[in-house]
Structures are given as C-alpha cells and as structure tokens.
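J.: Have a look at this one before I ask anything.
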Amino acid sequence: MLEIKDLHWSLPDGSSIINGVSFKTRGKLTVITGPNGGGKTTLAKLISGVEQPTSGAILLDGEDITALDITERAKKGVAYAFQQPVRFKGLTVRDLIELASGNSLNTGELCELLGKVGLCAEEYIDREMNTSLSGGEAKRIEIATVLARRAKLSVFDEPEAGIDLWSFSRLVQTFEEIRSKSDGSLVVISHQERILSIADDIIVVADGKIRISGTKDEVLPKLLSGEYTCSCPKRTGDCL
Amino acid sequence: MSDIMNVNFNSITGEMLKVISDYDPVAGFKGAYNIREDSSCAGRQSSENITISSKTDKPGIDITVKPQTKGETVFIPACVTHTAVDDLVYNDFYIGEGADVVIVAGCGVHNEGEEDARHNGIHRFFLEPNSRVVYKEKHIGTGNGTGLKKIDPVTECFMKENSYLEMDTVQLGGVDKSTRTTSAELGDNAKIVVRERIMTDNAEEAVSKFHVKLNGADSGVDLVSRSVARGNSYQAFYSAVDGNNRCTGHSACDAIIADNGRVDAQPALNAANVDAALIHEAAIGKIAGEQILKLCSLGLTREEAEEKIIEGFLK
C-alpha cells in the first residue's frame, strides 16, 4: 500500500508544482488523472524517486521511503514506467528486460512479457533499444520492463501515450490481470476512460493539488457527466 | 610453457590469446594459424586451402587463400610479453576469387618493465573479385610496468569488383598509446563495413585514421566508430571518404566522454562524382541522465548503470 502525506515539490525558482498532496491507496489499481500540467507526472516521479520532495512523506507498506533514492526504492519494490521511453545505443530489448527481471530469460518468457504489451518477442528481443524503434514500440517495451519487475508497486505514467488501439486493448487487459492475479498494486496516470473504468480508486490532480478522489463509482460519473469542472483559473471542464 | 598442436608459447601469451582470439587451450586453433610472440613464430599451421608462409625480405607472413575457399577461419594473433620489445611485422593476405573466409587477428601487449613495449602490424589485404572476408581484431594491454604499451596497426585494403570486407575491431583497454591507420581502395560494387570500438582510461591515447577511396561504380563503405574516453584519456577520430564514382558512403562517430576524457572527431567527405551519396554522423557527449535514471529505476546503482550503458555501447 502506498501512502502520501502532505507532499510538496517546488522548482528551483520557488514555483510550487506539488502543493500538499495526501492520499492512501486502498485497492489494487489507482488511477491519477487531471489536466495537462497539473502535476501528475511530477507526482509519479516523486513516488518513484526520480525526484525528491521538498517536504512531506512517502510510505510503502508503512515504511517511510521518502529519503531513499531511485535505486533504493526500486529495491524496495517500486517500479516506474517513464512517460517518454529512454533509448540506448547498444542495449537490446533482451538486455533491458533481463536487467528489469533480474534473471536471464528464455525466449518463451520474453515472448510472454512482450506479448502483454502486444509485441511479438521473436521480432524484438535482439533489437537495440535505439531510434530504429518507433515511438509506440519503444513505449511498449518501456512498459514491459516494468511488468518484468513484478514489483510491489508499479507506477505507469500515461501508458496509453503513443501506442495503437490494439496494443492499448491488450495493455488494459494486462492491467486487469495484474489487478486480479498479482500481489502487486498499480498507480496509473491516465486520461483514458477505459483505464479509468477499471480503477478501484480515482484521484484527480490539478494545479498541484488533489481536487477530487474516491472510488471509481464515486468519481467517474462526475468526470463523465461534466459535474466536476477543473478549478484552475484558466481552465474549465477540460480535465479529461 | 604450452605445447599444444605445434605451438610453443609462454603463459602470458596463453592468457592473452584467450581474450584476443577466443583461444581454447584444450582444443587449440582449428584450421590455419600463425601465432607470433615477441617477434618470433610460436606456432604455425596451414590448411589445405589456406597457406601461410614466411616472407623472405622482411619480417612477416603471406597468407594465401585459394579461390572458392568457403567457411574456413585463419588465426593470426600477435603478442608482446615483456618490456623493451618493438615488434614490427608485415602480413599480406591474398584472398582468392570467390573465397569466403574469417580472419581472426588480435594483439596483446604485456609490459611489467620500465621500457616501452610495442607491436606494429602492417597488414595488406588483396581481395580478388567476388571474395568475402570477415576480419576480427581485438587489442589489449596488460601488466603494471611503467613502460608504455603501444599498438599501432596499419591496414591497407585493395578490393576488386564485388568483393566484401567486414572489419570488426575492438580496443579493450590497457593500451597506453595506439594509432590505427586504415585505408581502402574499392573497385566496382565492392563493399567495406567497419565496426570499431575503443575504450580508453587513465592517460591513454588512441588515434584512428580512416581513408576510403570509393573508386568503383556502386562501391560502398559503412564505417561506424564507437568510443568511450574516461579518466584523462584522449581519442582522435579522423575519417576521409572519397566518392570518386557512383557510390554510397556512410561514416559515424559516436563517443561517450566521462571524467576528464577528451575526444576529437574530424570527419571528411570528398565527393568527385555527382552520384556519390556520402553521409557523416557524429555525436560526442556524456551519458544521458535519463539513461542512468532508467537503469537505476530497475535497481542498478548509478555506477552499475554507467558500466552497463558503456558495456552495451561498446558491445
């Protein structure tokens, strides 16, 4: 279980990006949504340890991991799928997935993992994770590296971005499988209704604060009906 | 001393051969080979299709591959195992028409003394029409002496029509100074592919010079150099591709610098024909921060992440 307590994060110039966020995950799948520029990606980076908070606390299964760096948090069981997949000259898809899993994997195991994101392993395992891969392919491999970790907490930052409809459908199915079969929990940043519709809880973040949160049944109807509108001064009703 | 399959070399050579030539101490080399140790021959064997003979006018050997020879490998490693050796050797490769072979070279220099130790191999390749060669070369320096470990290979390639040469060269580390000079002249439809990887650290210096003349119609070169310069090391990459006919040329220099490492890349493209299509790419920089973060997010420390990125980059 992830618990966030009064989290703050500011830019070096003092601009506040995350401003007193607190929540506790209850179910297996929590979706964070909200308008662009509202602080969702920053929140994901703070959870995974890419960034350190200015103040506040992050607890994983009751243990305070706030002071841990990204490596230490990974070892504690936090996995993070970057919104923009990282490219490497020389490292292959197999290299990255084996690093993620911590083991050598046979073709069947690689195929199973890549299949969860709609890729055929045979075509990809020996390809370099470089610019020869399309944005959608790289994104799906990025997600596969997180699935390979079988982590206690997996954080996905807009997993739908850049991938095709068929792969997206497979990914939604994978999230559902994780939720029903795995011990790990998921925090997914998303604007997609199909992902929101499989959430246990939904948190809406805007302007660095939580604007609304609750179970899917409590929050999603408000978002879809337009009952909830963003309170950002320059935005109205564009939170999804 | 080892004495396996007509070879007789010391234990230092034995260890270096494992690295530079994938030598198996039990099985030995299969097929033709010539092992050079401290300016002498430490073992030689010809095969039915590949003949190795000593030069009579200067140090070195002639390697003659019969036309249509297919699937054979010839090993020609050279090792310098002590200080105050300045080894100079001339090796000529005559590749018969239609042959398709692998040549495994490689050089190790070990120096525990105060004076310099150096190997300078001057290789010439004569590729007849329709022949095909994969050339593999690894370089390594070992030993804790204060004398320098130097390797200065010179490679000259003369490629007739429809011939193909693939050069895979690696400098693994420990070589204090190296200057690698490679030139090639290509006939019609001849192709040369070069993959170079160089790692330098401490105060090491490595210079690579390439000059490829695309003289034949539809000839082509694909040259990719990847290098990592750490510590206070210095690397220079000079390439010149001359497009003298309808041809394609691509050269790329990718370098990672760390610590106080320095890399100087100076590519040149010289087109003398309107149908010469020549491209160069160059990128020099430190390891990208997001690459380190990604691997750290998989549980690697920053140091482990850097090593893994460099290992992959030079793979």
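Quick note: the coordinates plus some simple rules give every number you see, no bench work behind them. Keep in mind that what you see is a predicted model, and the values were worked out from it rather than measured. FYI the Cβ positions are ideal-geometry reconstructions off the backbone, even for glycines, and counts take in every protein chain you see.
J.: Local charge sum around B:LYS286 (other residues, Cβ-Cβ under 14 Å, Lys/Arg +1, Asp/Glu -1)? List each step's numbers first, then the result.
T.: Details: positive: A:LYS89, B:ARG230, B:ARG262, B:ARG302; negative: B:ASP254, B:ASP259, B:GLU290, B:GLU306.
Result for the local shell: 0.
J.: Let me ask something else. With springs only between Cα atoms under 10 Å, which of B:GLU304, B:GLU185, B:GLU128 fluctuates most in a Gaussian network model of chain B?
T.: Fluctuation is largest for B:GLU304.
J.: Just to confirm a number: summing +1 for Lys and Arg and -1 for Asp and Glu over residues other than B:SER54 whose beta-carbon lies under 12 angstrom from that of B:SER54, what do you get? Numbers along the way, then the final one.
T.: Values: positive: B:ARG36, B:ARG44, B:LYS55, B:LYS58; negative: B:ASP57, B:ASP62, B:ASP92.
Neighbourhood net charge equals +1.
J.: Starting from one equal scatterer on each C-alpha and no solvent at all, send me the Debye-based log10 I(q)/I(0) for the protein assembly as shown at q = 0.08, 0.09, 0.11 Å⁻¹, two decimals.
T.: Reported log10 I(q)/I(0), two decimals: -0.68, -0.80, -1.00.
J.: Taking a label point 7 Å from the Cα of A:GLU218 along the Cα→Cβ vector, which residues of segment A:1-20 have an amide N closer than 14 Å to it?
T.: Under cut-off, by backbone N: nothing.
J.: Show me the GluC sites (Glu not before Pro) within segment B:3-112 that DSSP assigns to loop and that have at most 11 other Cβ atoms within 10 Å of their Cβ. Kindly include the intermediate steps, with their values, before the conclusion.
T.: Details: sites: B:GLU15, B:GLU37, B:GLU48, B:GLU72, B:GLU97, B:GLU112; in loops: B:GLU48, B:GLU97, B:GLU112.
Answer by residue number: B:GLU48.
J.: Name the residues whose placed amide hydrogens come within less than 5 Å of the amide hydrogen of B:GLU205, ignoring near sequence neighbours (fewer than 5 apart) on the same chain.
T.: Long-range HN contacts for B:GLU205: B:LYS177, B:SER178, B:TYR234.
J.: Mind checking the alpha-carbon convex hull of chain B and giving the volume per residue in Å³?
T.: On the way: hull volume 43.6 nm³, N = 315.
Per residue, the Cα convex hull of chain B comes to 138 Å³.
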